[in-house]
Number of protein chains: 2
Amino acid sequence: MHIFNTVSEMQQWSLKERKAGKCIGLVPTMGYLHDGHMSLVENAFKHCDDVIVSIFVNPIQFCQGEDFEDYPRDLNRDCMLLEEAGVNAVFAPSIQEMYPNGYSTTVEVSGEITQKLCGRSRPGHFKGVTTVCSKLFHICLPDKAFFGQKDAQQLLVIKKMVRELNFPIEIVGVPIVREKDGLALSSRNVYLDNEQRQQALVLNRALKQAQEAIRNGERNPNRLKDNIIQLITTSPQAEIDYVEVLNGEDLTGLETLSGKVIIALAVKIGKTRLIDNLLVEV
Amino acid sequence: MHIFNTVSEMQQWSLKERKAGKCIGLVPTMGYLHDGHMSLVENAFKHCDDVIVSIFVNPIQFCQGEDFEDYPRDLNRDCMLLEEAGVNAVFAPSIQEMYPNGYSTTVEVSGEITQKLCGRSRPGHFKGVTTVCSKLFHICLPDKAFFGQKDAQQLLVIKKMVRELNFPIEIVGVPIVREKDGLALSSRNVYLDNEQRQQALVLNRALKQAQEAIRNGERNPNRLKDNIIQLITTSPQAEIDYVEVLNGEDLTGLETLSGKVIIALAVKIGKTRLIDNLLVEV
């Protein structure tokens, strides 16, 4: 497995592989890999000849006061896991390599799709995401890139950016991977103590309750929302950031549930902000 | 010569050519071609196997009250010239094809480099330029792209964007082409009547005078500027937008002339805004 730390080495390798006719899959990550990431890698191997995994904790997608410095990192362990999985190349650049002095270029998707949900709670977050993904796409030159459905808004924003800037890349969304008890995998789960880990189950429980209500005919987004809020509020350490029921394609509001619907949650358990979501076809 | 009007046709063609090992050169234009554009095409053929010329009057790089609607257009004549020159493909999309309903993604280079000169006179202009160039680069997939030195600031901004977003593309600057009497070629020159056409010569005359002064030892940017302003003001229909003497690499200010220096002018002759510049190694 190649481990590249510089843009030019990574880009040269990808150009060479493309010239050789290889189909390249990219899995962009911030490292501290879990089974959710490994599911992205597996999916990438189903569709592509070569798989590149990028590992970069991207400073510009963290807002002031967020956990950029504390974000968990373990590059050696990550590389071992990826080598076992048969990954062809890891791209692990430094911050200076990605954002040299005087750096000032950004890519931004504006409008409702980035203003709602995490966009409201984390101003500038998606601009950081679209900027770093544009760079990673140019550096790794994938035919396909794989993103987890857990970051549902991120997936929609990146799809819109790729479509609108005409990147010659297919974006593939991969289903959420959960622990046996339903908690969505996240690198941030390590922040939770035992008590918080139990309380964190309320996110998935609330989504399942909503799914059940829809199955039983509920079509009113506000009632659905209220019931979710009510359930989450029973957890003493849970503090709701948002609970939204929206159009699953463009995140616009809904008068009544129909078509592709997303139920999206962000909840702080203690100091740890967790997100989860459910896509339903109504 | 292929003439493509849709993103997907153009992109498919470029992907096929790249797979065949061809080196692709792109000349992005707004059409109404003159010898300046044809010099870009010639240069592209020196470096590349295939040459694509894009023709698109990009609405988002025009500011309110500018000449987007009046900008001269003649696609048939342009295509005849390009066919004669041996160009392989023309990309001439509609506005709707480039900016479909709901479009909201932009690429921006911020900082001094886009705030000065034309960036000050034309707010939003460079954001429109970097956005459309990002799209054209993804659609046409060139190895090299060719831009005229006449739009000196545009060339620097695009080079910075390409470097910072890691596009796998080389940007090549091509010297200004001038009429015999010194007027820099521009599609906007057709706006000038005979009298204005004569007065427009003052731009090049001022640059030549400055060049002469530097040759004679002038190293004070302000004195240089004042002399240029004085000369231009003798033309009754000339109204100065800016006259600047700056670092030719990053457009920062200069205390004294040294290294790569740019003298850049924007002057309105009647209603027509003309730009010209001179790069000197001091």
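The values are calculated or read from the model by the stated rules, or taken from the named source; none is laboratory data. Just so it is clear, the structure is predicted and the values come from calculations on it, not from any experiment. Glycine gets a Cβ as well: all are built from the backbone with ideal geometry, and neighbour counts include every protein chain shown.
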Tell me yes or no: at least one residue of segment B:62-72 is within 14 Å of another protein chain (Cβ to nearest Cβ) and on the phi > 0 side of the Ramachandran plot.
no
If a residue has to be within 14 Å of chain A (Cβ to nearest Cβ), surrounded by 17 or more Cβ atoms within 10 Å (Cβ to Cβ) and part of a loop (DSSP other than H, G, I, E, B) to count, how many in segment B:81-102 make the cut?
2
Condition met for A:Gly65 (modelled with pLDDT under 95, closer than 30 Å to B:Arg18 by Cα and assigned by TED's automatic domain parsing to the domain that holds A:Phe91)
no
Residue in segment A:47-61 that is in contact (Cβ under 8 Å) with a residue 12 or more places away in the chain, out of contact with any Ser or Thr (no Cβ under 7 Å at 6 or more places or on another chain), among the acidic types (Asp, Glu) and within 25 Å of A:Thr272 (Cβ to Cβ) present:
no
May I ask you to say which residue of A:Leu251, A:Leu278, A:Leu257, A:Leu274 is assigned to a loop (DSSP other than H, G, I, E, B) and touching a residue at least 60 places away in the same chain (Cβ under 8 Å)?
A:Leu251
Scan segment A:63-80 residue by residue and report those that are assigned to a loop (DSSP other than H, G, I, E, B), loosely packed, with under 13 Cβ neighbours inside 10 Å and charged (D, E, K, R).
A:Glu69, A:Asp70
Sort through B:Val177, B:Val157 and tell me the only one that's among the aliphatic types (A, V, I, L, M) and within 14 Å of chain A (Cβ to nearest Cβ).
B:Val157
Any idea which residue in segment B:103-114 is surrounded by the most Cβ atoms within 10 Å (Cβ to Cβ), counting only those that are hydroxyl-bearing (Ser, Thr, Tyr) and more than 28 Å from B:Val41 (Cα to Cα)?
B:Thr105
Residues of segment A:51-62 being outside any loop (DSSP other than H, G, I, E, B) and among the polar types (S, T, N, Q), which ones?
A:Ser54, A:Gln61
Could you say whether any residue in segment B:105-114 is within 13 Å of chain A (Cβ to nearest Cβ) and without any contact (Cβ under 8 Å) to a residue 12 or more places away in the chain?
yes
Matching residues in segment A:58-100 - criterion: being polar (S, T, N, Q) and in contact with a His (Cβ under 8 Å, 6 or more places away or on another chain)
A:Gln61, A:Asn88
Could you please let me know if B:Phe126 is in contact with a Gly (Cβ under 6 Å, 6 or more places away or on another chain) and crowded, with 21+ Cβ neighbours inside 10 Å?
yes
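Rundown of residues vs (1) at pLDDT below 95; (2) of a type in the set (A, V, I, L, M, F, W, C); (3) touching a Phe, Trp or Tyr at 6+ places or on another chain (Cβ under 7 Å), yes/no style:
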{"site": "A:Ser187", "(1), (2), (3)": "yes, no, yes"}
{"site": "A:Ala200", "(1), (2), (3)": "no, yes, no"}
{"site": "A:Ala210", "(1), (2), (3)": "no, yes, no"}
{"site": "A:Asn216", "(1), (2), (3)": "no, no, no"}
{"site": "A:Glu239", "(1), (2), (3)": "no, no, no"}
{"site": "A:Ile262", "(1), (2), (3)": "no, yes, no"}
What are the residues in segment B:234-277 that are more than 20 Å from the chain's Cα centre (by Cα), over 19 Å from B:Asn222 (Cβ atoms) and of a type in the set (Ser, Thr, Tyr), if any?
B:Thr234, B:Ser235
I'm trying to understand the selection: among the residues of segment A:119-154, which are among the polar types (S, T, N, Q) and either touching an Asp or Glu at 6+ places or on another chain (Cβ under 9 Å) or away from every other protein chain (no Cβ under 11 Å) (or both)?
A:Ser121, A:Thr130, A:Thr131, A:Gln149, A:Gln153, A:Gln154
How many of the residues in segment B:111-126 are part of a helix (DSSP H, G or I) and of a type in the set (Gly, Ala, Ser)?
2
Are there helices (runs of 4 or more DSSP H) fully within segment B:174-239 with at least 3 residues that are surrounded by 15 or more Cβ atoms within 10 Å (Cβ to Cβ) and in contact (Cβ under 8 Å) with a residue 24 or more places away in the chain? List them.
B:201-215, B:221-233
